[in-house]
Amino acid sequence: MKELTGDGVPVTVACRVLKLARQPYYRWLDQPVTEAMLEEAYRANALFDAHRNDPEFGYRFLADEAHDECIEALTR
């Protein structure tokens, strides 16, 4: 979208062509990464690092590691 508007295409036209509403685009433009998305990325990175350090352990080990780090996650 930014490339199109940078080339002189109005936002209204770009949204219509891409079949996007303008309001969510402007909301995303104001805050492109939400706090929830950022927190989810940190959780995923922490679990990935724990798995990389001890790859022989499965989801139970990762759930325990997440619990030890006070990360609330879904359990199976």
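Maximal additional length on extending the Q31-D49 stretch stands at 3.7 nm, based on 0.36 nm per residue less the C-alpha distance. Listed by number, the DSSP H helices of the chain that run 15 Å or longer by alpha-carbon position along their axis and have mean Kyte hydropathy of at least 0.5 come to an empty list. Considering only Cα atoms, the convex hull volume of the chain works out to 147 Å³ per residue. Taking GluC sites (Glu not before Pro) as candidate sites, keep only those in a DSSP loop with at most 14 other Cβ atoms within 10 Å, then name the longest stretch of the chain containing none of them. That gives 1-55 as the longest site-free run.
Read-outs: derived from the displayed coordinates by stated rules, not from any lab. Treat the numbers as computed from the prediction; the structure is a model and nothing was measured. We place every Cβ from the backbone using ideal geometry, glycine too, and count neighbours over all the protein chains shown.
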